[in-house]
Structure formats: structure tokens, C-alpha cells
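Worksheet: one structure, shown below.
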């Protein structure tokens, strides 16, 4: 029996989820929910107003939330967890503990399972940071993102009043990356590891300086980085800034003895950030469905999910082919 999935929101990530579901023969997309007029949504299934969510409580096994982390998910995820099992991709790292607590209370009260902060970072990178720390306790962690488009940071830009279009590229600083891989890695600050480059199209009548100040001082997103804001035309934006590549590195550099240094590294190079993130969300939706059937309710993170819960392959096949 197929896992029945709903999608909340219909942007780049949601369209990626729609594609990922087609790649998994044990999943089925039931419906899409949106704040926009449903007749404006060109999805492969029927679209409904977000106000109709409650009508589908018994028709969907897992809801995948595809809204932005800046303002939407902190409110949407606890609300949806009161009705559905769910997966979200909340990516504001500093506020994840608060988000977890809020979602946990709502999910437990409703006997639902809610996986938060899923994707590749947080998500797959989080798993590798944990694994590398366990294997190499005497060492230091380094995480680098990019060069690529950050969906969450780009969404945060677009939420600023007066911004018509915007994209943000996260760029690792080469000297910092080389240091992390060296025999004598430096203790790098946030600002020393990355820079953020923004390309922004503003609406007529808005002040560029005011918008630039709002961007550069935005806590949790840009305030701790060297940020460059480029104001460009809509024509330039549409010609040069509509693809969504990304990637990054998780590095653990440390010692197993005084004379033996070890360097562990996990990396991703993605042509489409939203499509890859969506593929991760769909795999974890399968795990959420299994946990729910086991009455394992409340908020979860990727740390709580056995890898074997992500696949539809028999356990015996995993042992025979992948172990």
C-alpha cells in the first residue's frame, strides 16, 4: 500500500517533492495545499486552500511542508503537527531547539510524528557531523556551504518589503577550506569561513540603502557574515540567476594518537538544490510513516531515524547488497 503524501506550499521545493515522489514507487501524491488561489497552481494533482487542511486528516499519511523557514515554518509546523504526521526543512540552525520544542508539544498532544529540519543541512550534514565526532573524538569540525544558492536565505531576502526578486549565493573562502584540510587547522570564525553574495531586484519607489541595511543586519542570516548586496535589473536576474546549484563539505580534522592525524570529509555537489532537498524529504517521509505506525509520536530529527527506515528495500537485501 502506497504512502499517501500531501504538500503544503508550491514553490521550487514543492515541485522537487512532486518529482521525487515519482521516483519512489511506494509513495503517492494526494494533494497540494496553498495560500494562493488553488486554480493558479499547475500541479499534477488537485490543489486546495490551506484552509482546507483539516478536511484531509484521514486521507494523508505524511504532509511535507515546503514553506520558508524565516517566517512560515515556525507557525505552520506546530499547527500542521496537530493534524498530520509531517516532515519540514526548517534550516535556521540557531533556532532549531525552540522549533523542536514547539513542534514536539503539538505533535505529542495529537499523537502525530513530526520530523523537523530535514534536508542536507540540517539533515545529511548533521548526520555526518555526529558520525565523525563519534569516530574521531579528538578533533575539530568544519562545515562549508557552496558555492551555491541558499533557498532559505534567498527566501529571507524576498520577505523584505520592496524586494521583487532576490537570490543569495553562499561562497566558501578558499583559504579557510584549505586550512580545514591541513595538518594544522585554524580555529575559524563564521565570518572567516564564508561570504554571502546577494543579487536583488527592488520594486519602484523603494530605497536601496534601506534594503541593503536590512539585509546586512538580519540576525541568523546575514549579520555574522561579510555580505555583498548587488542591485540588478529584472532582465539581468532572469538571464543569470534563476538556476539553483549548491553543495558543500563537512570536515572533521583530528588525531587518533600523537603522531596520527585523520581527516574525514563528506561532500555534495548539486545541480538543483531544491530537487535534491526534496529527495531527502521524501525518503524521510517513509521513515515518519513507519514511526507513526509504531506509535512513536512527537518531534523527531534525523538523529532519531535508523537508516533502514528510509528505504523500501527488504532488510535482507540491505545486508546482502549494501553492507
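See the values below:
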quantity: Residues located in segment 169-227, provided they are over 30 Å from residue 140 (Cβ atoms), under 21 Å from the mean Cα position of the chain (by Cα) and part of a loop (DSSP other than H, G, I, E, B); calculated: none
quantity: Residue tally, condition free of Cβ contacts under 8 Å to residues at least 60 places away in the same chain, in a loop (DSSP other than H, G, I, E, B) and either surrounded by 16 or more Cβ atoms within 10 Å (Cβ to Cβ) or in contact with a helix residue (DSSP H, G or I) (Cβ under 6 Å, 6 or more places away or on another chain) (or both), over segment 15-43; calculated: 3
quantity: Residue among 139, 220, 146, 162 that alone is at pLDDT below 95 and in contact with a strand residue (DSSP E or B) (Cβ under 6 Å, 6 or more places away or on another chain); calculated: 146
quantity: Matching entry among 65, 73 (being within 19 Å of the chain's Cα centre (by Cα) and free of Cβ contacts under 8 Å to residues at least 40 places away in the same chain); calculated: 73
quantity: Single residue of 253, 230, 238 found to be assigned to a strand (DSSP E or B) and either within 30 Å of residue 198 (Cα to Cα) or within 22 Å of the chain's Cα centre (by Cα) (or both); calculated: 230
quantity: The listed residue being out of contact with any helix residue (DSSP H, G or I) (no Cβ under 8 Å at 6 or more places or on another chain) and under 30 Å from residue 107 (Cα atoms), out of 288, 302, 282; calculated: 288
quantity: Single unsatisfied condition, residue 104 versus (1) in a helix (DSSP H, G or I); (2) more than 18 Å from the chain's Cα centre (by Cα); (3) closer than 22 Å to residue 252 by Cα; calculated: (3)
quantity: So residue 317, is it over 17 Å from the mean Cα position of the chain (by Cα), within 23 Å of residue 22 (Cα to Cα) and part of a helix (DSSP H, G or I); calculated: yes
quantity: Within segment 263-284, tally of residues that are touching a strand residue (DSSP E or B) at 6+ places or on another chain (Cβ under 6 Å) and not in a helix (DSSP H, G or I); calculated: 8
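The values are calculated or read from the model by the stated rules, or taken from the named source; none is laboratory data. Worth saying up front: this structure is predicted, and the values here are computed from it rather than measured. Neighbour counts are summed over all protein chains in view; Cβ atoms, including those assigned to glycine, are modelled from backbone coordinates with ideal geometry.
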